[in-house]
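To start, the structure under review is shown below, and the notes come after it.
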Amino acid sequence: MATEIVTQKKKEPHSFNVNEIRADFPILKEIVHGKPLCYLDNAATTQKPQAVIDTIVKYYTHQNANIHRGVHYLSELATKEFEDARIKVKDFINASSEKEIIFTRGTTESINLVANIFNKAILKDGDEIIISAMEHHSNIVPWQLIQEQKKIKLKIIPIDDNGDIIYDEFLKLISEKTKLISIVYVSNSLGTINPIEKIIEEAHRHNIPVLIDAAQAIQHLKIDVQKLNCDFLAFSGHKIYGPTGIGVLYGKEKLLESLPPFQGGGDMISKVTFEKTTFNELPYKFEAGTSNIADAIGLGTALDYISRIGLDNIIAHETKILDYATKSLMQIPGLKIIGQAKHKSSVVSFVFDNIHPHDAGTFLDFEGIAIRTGHHCTQPVMDRYNIPATSRASFAVYNTEEEVDILVKGIIKLIEVFN
Amino acid sequence: MDSELKELYQQVILDHNKNPRNFRKMERANHFAEGYNPLCGDKLNIYVELEDGKIKDISFQGSGCAISKASASLMSSIVKGLPVEEAEKLFEKFQAVITGRITEEEDIDKLGKLAVFAGVREFPSRVKCASLAWHTMVAAFKQEEKSVSTE
């Protein structure tokens, strides 16, 4: 089995050894309710490698200062580390300039930022925004908040029983009033990988910009924003082995230049008088106040870590785990997988005939298994399938087939007790 | 099963989950409320027939976990026939036990059959599952039109 490869062997340049990777994540050694932790809640948040933890400790121990205007040693050091992290993000998603990388608190804030500036500068009564039926609440509510001020219409791309968007219906939703298409790359509750290349191409044919919610994609797929040609892309650091509280909004430079600032404050200004303020250049125009410096630097380390392993290796490993989990779970009588799209990534959602997901979650917790149960912040998806909630196992680079076996055994025990 | 888990999922609870009592819609109900737990999406409808300040009949419908279903089932069998005030007092005691404010074995035993829910106190995230039916019933007494939320 893949996990039994002897670790003492000298590492090949592109070899992938899950045991070596697991050793990088100290939390995976935790014991939960007397059992070794089996962490399968990676779509909620991923664990952090020692390198990321060390970076944050090092920052607060040796480098902490406020950035950008200090002339002293520490301020210059912190500024360099912070700006280096921005370059790492730029390289990771292949943006054309670091001016296109805005640090935020996470995907949610990134989407809210776009919603806010679009509301200020672009949206008028009667305008339309297209999203899909599988959006996370964070890509629904920011647009609904605008509806409290303006008569804009939210058009929803429907999904089929497998959890794929119905592309022909999407085509019908586009009109001359469409001002933005904001869509999730990978669904956090179904695992569906959306055909965003096609969607972006179609949108651009009508000169409509596209925002990609990559919260669940950035850690599982190779993302090249220039190749995708998306106009905005949002993701969170904590889902890609980095710290919480830091995220990214990528935006095309020209578009960002043309749009007004999000929040006002320090760092985002060039000159302030009581009569008039001129705004700072990109990306600082969108980064008011002291940024989350330590966690941005931590995110940079996480991206280095991912790049060292190689996304190709990660994708190959995670695909293997997802396939194995899907096959194993499908064999359990009374269990139904929700979300059987053709292209999926690292998420298996399931329901039982007679067992509520919350009972499953509590029961499995006592087997040391961490899964998520509930609506996964996608209540419209639950309504679509007429279910209150699902149980969701989601995988990351450090998960193994043995952990899938532990999950399956736990579920079989659960069914025995509850039926 | 782990002992803490056994304490939560006692046989009585598993039994009421599988075969819930009074699990039906009541046509002649004169009080009704809809309960909702936004955390888990659980929905519970409570139907009550009140006569002279007493609970003549009570039933429920909805979807929920074993804890919330068993709680609604046991509650409905216990409060049937009680005056509204007594049912409300019972809820106060029940709430105190499941949130761990009452921990004395003696006091818990006073809850009678409802004592099986004492194990919930070890699971803070499940307290709302156990109390949803009660909150909804109290709302039904007041005939609140809106749906009730545990939040």
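Descriptive notes on the structure:
- Spin-label model, A:D353 to A:I53: label points 7 Å out along the Cα-to-beta-carbon direction sit 4.4 nm apart.
- Measuring between alpha carbons in the structure, the pairs from A:K90/A:K227; A:K124/A:K285; A:K336/A:K409; B:K54/B:K93 lying more than 21 angstrom apart are A:K124/A:K285.
- Förster-model FRET efficiency, 25 Å R0, A:K150 and A:K227, C-beta, rounded to 0.05: 0.15
- Max mean-square fluctuation residue, GNM over chain A, Cα-Cα springs under 10 Å, options A:N42, A:N354, A:N399: A:N354
- Note on the protein assembly as shown: antiparallel DSSP beta bridges, both residues inside, total approximately 70 percent of the bridges counted.
- Approximating the spin labels as points 7 Å out from Cα along Cα→Cβ, the A:L255-to-A:Q331 distance works out to 4.6 nm.
- Cβ neighbours within 10 Å from other chains - mean over A:356-367: 6
- Entries in A:K120/A:K150; A:K153/A:K344; A:K198/A:K239; A:K320/A:K344 that, when Cα-Cα distance is taken, lie over 18 Å: A:K153/A:K344; A:K198/A:K239
- Per-pair calculated FRET efficiency, R0 = 30 Å: A:I31 and A:I87 via Cβ, rounded to 0.05: 0.15
- Efficiency of FRET between B:S77 and A:T319 - r from beta-carbon atoms, R0 56 angstrom, step 0.05: 0.65
- Between A:T278 and A:K80, the contour length at 0.36 nm per residue exceeds the Cα-Cα span by 68.8 nm.
- Segment A:189-280 - Rg and Dmax from Cα coordinates, angstrom: 16.6, 52
- 0 to 90° range, to nearest 10: angle between helix B:84-98 axis and chain B longest Cα axis: 20
- Comparing A:S189, A:S307, A:S345 in a Gaussian network model of chain A where C-alpha atoms under 10 Å apart are linked, the largest mean-square fluctuation is found at A:S307.
- Anisotropy class of segment B:63-110 from Cα gyration tensor, a/c 1.5 cut: oblate
- Segment A:25-57-segment A:346-419 distance, computed between alpha-carbon centres (Å): 19
- Evaluated at q = 0.14 Å⁻¹: base-10 log I(q)/I(0), Debye formula over Cα of chain A: -1.31
- Neighbour cut-off at most 16 other Cβ (10 Å), DSSP loop, GluC sites (Glu not before Pro), segment A:119-226: A:E148, A:E176
Rule-based calculations on the coordinates, nothing more; no lab input. A quick note: this is a predicted structure, and the numbers were derived from the prediction, not measured. Reconstructed Cβ throughout: ideal geometry from the backbone, glycine too, with neighbour counts over all protein chains shown.
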